[in-house]
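These notes are about the structure you will find just below.
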Amino acid sequence: MTERKPTGVSFESWVDRQISAAQAKGDFDDLPGAGKPLLKTDGKDTALAWVVNKVRGEGHDVSALLPPSLAIAKELDDLPDTLARVRREARVREIAEDLNERIRTEHRRPAGGPVLRARPLDVEETVASWRQGLSPDR
């Protein structure tokens, strides 16, 4: 834990002292990206754009950064591909029911962002579509 800022010392010089001490100890020597320039921006980037670029650069999924209504819409778009990798009917039902619950929850929320324009899935129809997509060798 960091020591408390001494009385009478400005935050700037207190922080500068801590950074200098950490540099002297070598705390910053092996950080990823050390010695590389920061990415240039056009000046119109927001703080969120920086976060998205950082998350993408590290190979993570950025859908967690979306508002719930957009994340659900994306999940609905990706649903056929998601279900194509599922082997058990019970799991297909779990996925559809979970998605339906999140759709209903989003519909009950006051609009504070983009509106979700999706209806809950018909679970039986989703399972039937999944069955049709199964190849005989599965």
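Miscellaneous remarks
- Accessible surface of region 50-138, 1.4 Å probe, proportion on carbon and sulfur as whole %: 51
- Accessible area per residue for the chain, computed on protein heavy atoms with a 1.4 Å probe, is 81 Å².
- Here Arg102 and Ser20 are evaluated by their C-beta separation; at R0 = 41 Å the FRET efficiency comes out at 0.25.
- Phi angles across region 8-14 convert, under the Karplus curve 6.51 cos²θ - 1.76 cosθ + 1.60 with θ = phi - 60°, into 3J(HN,Hα) values of x, 9, 6, 4, 4, 6, 5 Hz, Gly and Pro given as x.
- Calculated mean residue ellipticity, 222 nm, the chain: -17500 deg cm²/dmol, from DSSP H runs (n ≥ 4) at -39500 (n - 2.57) each, averaged per residue and rounded to 500.
- Averaging the sequence gap over all C-alpha pairs within less than 8 Å and six or more residues apart, then dividing by the number of residues, gives the chain a relative contact order of 20 percent.
- DSSP loop GluC sites (Glu not before Pro) with at most 10 other Cβ within 10 Å excluded, longest remaining stretch of the chain: 59-138
- Distance between the C-alpha centres of region 67-97 and region 1-35: 46 Å, rounded to the whole angstrom.
- Diagonalising the gyration tensor over the Cα atoms of the chain and scaling each eigenvalue by 5 before taking the square root yields semi-axes of 48, 21, 15 Å, largest first.
- In sequence order, region 29-35 has phi-based couplings of 5, 10, 6, x, x, 4, x Hz under the Karplus curve 6.51 cos²θ - 1.76 cosθ + 1.60, θ = phi - 60°, and Gly or Pro positions carry x.
- Remark on Leu121: its backbone amide H falls under 5 Å from those of Asn100, a criterion applied only to residues 5 or more positions apart or on other chains, H modelled at 1.01 Å from N.
The values are calculated or read from the model by the stated rules, or taken from the named source; none is laboratory data. All of these numbers come straight from a predicted model, not from anything done at the bench. Virtual Cβ from ideal backbone geometry, glycine too; neighbours counted across all protein chains shown. These area figures cover heavy atoms from the full protein model, side chains too; ligands, DNA and RNA do not enter into them. Shrake-Rupley method; radii C 1.70, N 1.55, O 1.52, S 1.80 Å.
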